[in-house]
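What follows draws every value from the coordinates through simple rules; no lab data is involved. Bear in mind the structure is a predicted one, so any value in this text is a computation, not a measurement. Neighbour counts are summed over all protein chains in view; Cβ atoms, including those assigned to glycine, are modelled from backbone coordinates with ideal geometry.
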């Protein structure tokens with residue numbers, strides 16, 4: 001995993017916690033705005049993309065996927 | 001050397017509140033302070049001489065009752081510490097440990113430490129809400145959540161004025177308790193993670209002086225997280 005994109009209301013909080021867990025800051029891309037997050041995802045992601053979401057927030061991500069039938 | 005006594009971290013481990021301890025340690029260490037964390041387990045006898053902060057994190061309602069029974073042996077030590085101006089912070093359900101009693105909807109009642117003039121009840125319902133609160137004793141606006149089945153009947157001085165209660169669960173404009181340097185709130189977040197100004201307040205109280213500005217990346221993210229969450233809550237409240 002080369003980059004971790006973090007989005008949503010608690011994006012900055014998650015970023016701080018990942019730093020405490022030892023993830024270097026230069027691997028984090030923090031985009032609280034989900035549209036900006038998706039733009040960064042489509043612009044920068046290469047290969048497999050692994051996604052972790054809060055279960056109630058999953059549709060906020062999936063409905064922004066290109067070609068999503070939501 | 002700053003000494004933090006962290007009570008029952010494994011038993012009272014809820015919603016990642018242990019991260020507050022990580023932030024305390026990092027903020028103090030990054031400022032050049034030496035920090036000792038005394039992690040107390042239920043089999044330990046609390047020793048509070050030289051303690052700069054007694055921190056009791058939140059636990060589930062079930063683990064809280066066990067913690068209350070285990071802490072009974074330390075009642076005189078904790079009472080003496082609090083009465084002599086010791087700094088203490090209790091978050092989430094841990095607030096109930098300093099009540100006179102904790103009654104359970106099943107009919108059982110457990111003695112609390114009686115530090116505060118209040119009684120706690122575990123009810124058969126859960127309440128959740130997001131908050132903005134302010135306090136004469138603490139800097140700025142405090143954000144956090146309450147997620148609990150515990151209610152209080154309190155004659156104690158409240159810690160917070162409630163400025164916004166998103167789900168309107170409290171029905172009163174006050175929350176928490178404060179006596180001397182003992183601070184208790186049902187807010188979680190983790191409280192000191194989501195509120196950098198509170199983190200700095202408690203660090204300064206421990207050190208006896210303000211800390212220098214923090215330039216660490218984690219603190220930059222913490223400040224940004226606080227700002228965005230506060231703005232979102234204010235928008236929801238109609239304040240902006």
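Summary of computed values
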read-out: R0 of 22 Å, Cβ-Cβ distance residue B:234-residue B:174: FRET efficiency to nearest 0.05; value: 0.65
read-out: Value in Å of the Kirkwood radius, where segment B:154-240 supplies the Cα pairs that are averaged; value: 14.9
read-out: Principal axis dimensions, segment B:1-65 - Cα atoms, whole angstrom, descending; value: 39, 26, 12
read-out: For chain B, radius of gyration divided by Kirkwood radius, i.e. Rg to Rh on alpha-carbons; value: 0.95
read-out: Segment B:1-65: relative contact order in percent, alpha carbon pairs under 8 Å with at least 6 residues between; value: 59
read-out: Acute angle (nearest 10 degrees) that the helix A:34-44 long axis makes with the longest principal axis of chain A, alpha-carbon atoms; value: 80
read-out: Sum of -39500 (n - 2.57) over DSSP H runs of 4+, divided by residues of chain A (222 nm, nearest 500); value: -10500 deg cm²/dmol
read-out: For B:221-232, mean number of other protein chain Cβ atoms within 10 Å; value: 5
read-out: Computed P(r) (all Cα pairs; segment B:116-189; 5 Å bins; percent); value: 3, 15, 29, 27, 19, 5, 1
read-out: Where labels lie 7 Å past Cα in the beta-carbon direction, separation of residue B:109 and residue A:63 in nm; value: 5.1
read-out: Segment B:40-169, relative contact order in percent, only Cα pairs under 8 angstrom and at least six apart counted; value: 21
read-out: Average partner coverage of A:16-29, which counts Cβ from other chains inside 10 Å; value: 4
read-out: Distribution of pairwise C-alpha distances over segment B:57-177, 10 Å bins, in %; value: 13, 45, 34, 9, 0
read-out: Whole-number Å³ per residue for the convex hull built on Cα positions in the protein assembly as shown; value: 155
read-out: Over chain B: helical MRE at 222 nm, DSSP H runs n ≥ 4 each giving -39500 (n - 2.57), nearest 500; value: -9000 deg cm²/dmol
read-out: Top of B:152, B:116, B:131 by mean-square fluctuation, Gaussian network on chain B, Cα under 10 Å; value: B:152
read-out: Averaged over B:2-15, number of beta-carbon atoms from partner chains that fall within 10 Å; value: 0
read-out: Spacing of the two label points (7 Å from each Cα toward its C-beta) at residue B:84 and residue B:137, in nm; value: 2.0
read-out: Extended-chain gain in nm, criterion 0.36 nm per residue less alpha-carbon gap, residue B:29 and residue B:43; value: 2.2 nm
